[in-house]
Structure formats: structure tokens, C-alpha cells
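**Q** Questions regarding the structure given below will be posed in turn.
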Amino acid sequence: GNSVTQMQGQVTLSEEEFLFINCTYSTTGYPTLFWYVQYPGEGPQLLLKVTTANNKGSSRGFEATYDKGTTSFHLQKASVQESDSAVYYCVLGDLGSSGSWQLIFGSGTQLTVMP
Amino acid sequence: EAAVTQSPRNKVAVTGGKVTLSCNQTNNHNNMYWYRQDTGHGLRLIHYSYGAGSTEKGDIPDGYKASRPSQENFSLILELATPSQTSVYFCASGAPGGANTEVFFGKGTRLTVV
């Protein structure tokens with residue numbers, strides 16, 4: 001079945017450091033890939049999405065490239081700020097076994113940025 | 001601005017009791033979802049709906065029912081609450097359009113079953 005793997009449960013950085021959050025996925029279909037971000041006390045919200053393999057998505061300084069060859073969708077940012085502290089979810093959107101589309105969430109990565 | 005409102009925001013329930021979590025959306029979206037969020041698991045889909053009167057089972061439906069009486073409202077019902085259902089529950093809505101469609105989440109309901 002479809003699955004998403006985020007191995008990093010927590011990442012701690014200082015301001016202006018480079019961010020890299022690893023995400024790999026497994027599917028037999030042609031998914032859309034998303035990154036959602038969740039701030040404290042809020043629900044997840046869309047950060048960026050990519051619908052086509054080998055394309056890059058970007059938003060607010062964050063980037064992710066849909067790499068079909070390595071089945072990866074890593075999130076990067078050149079210079080993080082304290083306000084980027086949040087939980088980041090890698091998400092796969094695809095048709096499930098029942099034929100209806102579904103979102104599959106990774107386990108999430110808690111990013112803490114120190115001032 | 002897409003709006004999804006959940007109530008209550010916090011709930012303490014006793015084991016064996018009935019719990020109803022409510023969700024209202026003003027986005028006029030056909031699709032609505034209930035997820036639970038647990039550390040180490042991300043968000044997992046419990047039930048979803050394609051429109052008023054419809055409910056479908058998600059990945060972890062056991063112990064939960066859902067009700068969609070109108071386009072705007074979608075409820076999650078725990079008939080016999082158990083401590084294992086202690087979690088944070090999120091409701092979401094989205095327009096039809098398959099996997100390309102953005103989903104909008106509420107702020108969540110923290111449920112504790114004692």
C-alpha cells in the first residue's frame with residue numbers, strides 16, 4: 001500500500017542555518033506530494049505541493065523536489081527563522097485501494113529554531 | 001478564507017460513555033474528513049464523507065461512527081469511549097478534485113478518556 005516515511009522526529013537548528021527534512025514515499029501510482037506545516041494550537045496547513053514528477057514546489061523560502069527516481073520529496077530551506085518552528089508533515093495524495101483518493105501523512109518532524 | 005470550526009476544543013470523557021465531536025465548515029466543500037493525531041503516527045484517517053448523507057470508512061474506523069446531516073456539518077461519534085481513544089482529533093474539508101486538492105483543517109479537539 002501507499003506509505004510515507006519521515007525518519008527525523010526532531011530537528012533543532014539555530015537561526016540562519018540550513019534546513020533539510022528527509023521524506024521518502026512508496027506507491028504504485030502517480031501521486032501528488034505535499035508538505036503541510038502545523039503551528040502550536042493549530043491544524044495542519046498546506047505549505048507546498050507538487051503534482052508532477054521531477055518538478056519543484058516552493059513557498060515562503062521552502063523548496064521540495066518530487067524525485068520519482070529515488071521516491072523522495074525532501075524539504076529544504078536555506079536560512080531558517082525562529083518563526084519556522086513547527087511540525088512539518090510530508091503527505092502523499094493518491095488513489096487508495098477502494099478507488100477513492102486519500103492523503104497519507106508521514107509521522108511528522110518537529111523543527112525547533114533557536115534564536 | 002477557508003473556515004473549519006470544531007467543538008468542543010477540549011473534552012474529558014469517562015470510559016464507556018458516549019462522545020460526539022462536531023465540525024462545521026463554511027467553505028461549501030463536498031468532502032469532509034476526520035483524522036486523529038498521535039505522536040509517532042502523524043494523522044490517520046478515521047472517516048470521511050463526499051456529501052450530505054454519505055459516510056465512508058477510513059483507515060482506522062473501528063470504535064467510531066460518523067454522521068453528515070448537511071453540507072456544512074460532520075460529526076464523529078464514539079458510542080463507548082475507551083482510554084485508547086485519547087487523542088487529538090482534526091476535522092478537515094476539501095473540494096472534489098482528487099489528490100490535487102488542498103484540504104483545510106480545523107484547530108483540533110483534544111479528547112481525554114479516563
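**Q** Aspartates and glutamates near A:Lys49 by alpha-carbon distance under 17 Å, same-chain residues fewer than 8 away left out - which ones?
**A** Output for A:Lys49: A:Glu63, A:Asp67, A:Asp94, B:Glu102.
**Q** P(r) for the protein assembly as shown, please, calculated from all Cα pair distances in 5 Å bins and given in %.
**A** Values per bin, smallest distances first: 1, 7, 15, 18, 19, 16, 12, 7, 4, 1, 0.
**Q** Next up: Tell me, how many Å apart are the Cα centres for segment A:63-86 and for segment A:16-31?
**A** Centre-to-centre (Cα) distance: 7 Å.
**Q** Mind putting a number on the dipole of chain A about its Cα centre? Charges go on the C-beta only, +1 for Lys and Arg and -1 for Asp and Glu, and I need it in Debye to the nearest 20.
**A** The calculation lands at about 400 debye.
**Q** Of B:Lys11/B:Lys57; B:Lys11/B:Lys107; B:Lys18/B:Lys65, which ones are farther than 18 Å apart at the Cα?
**A** The pairs that break the limit, which is 18 Å between Cα atoms, are B:Lys11/B:Lys57.
**Q** Given R₀ = 25 Å, FRET efficiency for A:Ser26-B:Thr101 by Cβ-Cβ distance, to 0.05?
**A** 0.70
**Q** Do any chymotrypsin sites (Phe, Trp or Tyr not before Pro) in segment B:49-114 lie in a DSSP loop with no more than 14 other beta carbon atoms within 10 Å, and if so, which?
**A** When the chymotrypsin sites (Phe, Trp or Tyr not before Pro) of segment B:49-114 are filtered for loop state and at most 14 Cβ neighbours within 10 Å, B:Tyr50 remain.
**Q** With springs only between Cα atoms under 10 Å, which of B:Ser49, B:Ser87, B:Ser70 fluctuates most in a Gaussian network model of chain B?
**A** In this elastic network of chain B, the residue with the biggest mean-square fluctuation among B:Ser49, B:Ser87, B:Ser70 is B:Ser70.
**Q** How charged is the neighbourhood of B:His29? Take every other residue with its Cβ under 12 Å from the Cβ of B:His29, and add Lys/Arg as +1 and Asp/Glu as -1.
**A** Net local charge, B:His29 excluded: -1.
**Q** A further question follows. Lysines within cross-link reach of A:Lys56: Cα-Cα under 26 Å, excluding same-chain residues under 8 positions apart?
**A** Within the straight-line cut-off, A:Lys56 pairs with A:Lys68, A:Lys77.
**Q** Next question. Report the charge-dipole magnitude of segment A:51-115 in Debye, nearest 20, computed about the Cα centre from +1 at each Lys and Arg Cβ and -1 at each Asp and Glu Cβ.
**A** Computed about the Cα centre, the dipole is about 100 debye.
**Q** Loop-only GluC sites (Glu not before Pro) in segment A:27-115, please: DSSP not H, G, I, E or B, and at most 16 other Cβ atoms within 10 Å.
**A** Here the sparse-neighbourhood loop sites are A:Glu42.
**Q** In chain A, if the dipole is taken from +1 on Lys/Arg beta carbons and -1 on Asp/Glu beta carbons about the Cα centre, which of A:Ala53, A:Val11, A:Phe105 is farthest to the positive end?
**A** Most positive-ward Cα: A:Ala53.
**Q** Using only the C-alpha atoms of segment B:1-106, find the volume of their convex hull and express it per residue in Å³.
**A** So the per-residue hull volume is 101 Å³.
**Q** Cα convex hull of segment B:21-78: how many Å³ per residue?
**A** Roughly 79 Å³ of hull volume per residue.
**Q** Can I ask one more? Segment B:1-53: percent of C-alpha pairs farther apart than 13 Å?
**A** 71 percent
**Q** Need one number: convex hull volume per residue for chain A, Cα atoms only, in Å³.
**A** That works out to 95 Å³ per residue.
**Q** Just B:Ala13, B:Ala66, B:Ala92 to compare: in a GNM of chain B, with alpha carbon springs under 10 Å, which one fluctuates most?
**A** Result: B:Ala13 has the largest fluctuation of those listed.
**Q** Could you work out which residue, out of A:Thr28, A:Thr65, A:Thr52, moves most in a Gaussian network model of chain A, that is, has the largest mean-square fluctuation with Cα springs under 10 Å?
**A** Of A:Thr28, A:Thr65, A:Thr52, the most mobile in the Gaussian network model is A:Thr28.
**Q** With viscosity set to 0.692 mPa s at 37 °C, what whole-number translational diffusion coefficient in µm²/s follows for segment B:49-114 from Stokes-Einstein and a Kirkwood radius over Cα pairs?
**A** This corresponds to a translational diffusion coefficient of 246 µm²/s.
**Q** Dipole of the protein assembly as shown, Cα-centred, from +1 at each Lys and Arg C-beta and -1 at each Asp and Glu C-beta, to the nearest 20 debye?
**A** Computed charge dipole of the protein assembly as shown: roughly 580 debye.
Laboratory data are not the source of any read-out in this text; all were calculated from the coordinates shown. Predicted model, so just to flag it, every value in this text is computed and none were measured. Cβ atoms come from the backbone with ideal geometry, glycine included; neighbour counts cover every protein chain shown.
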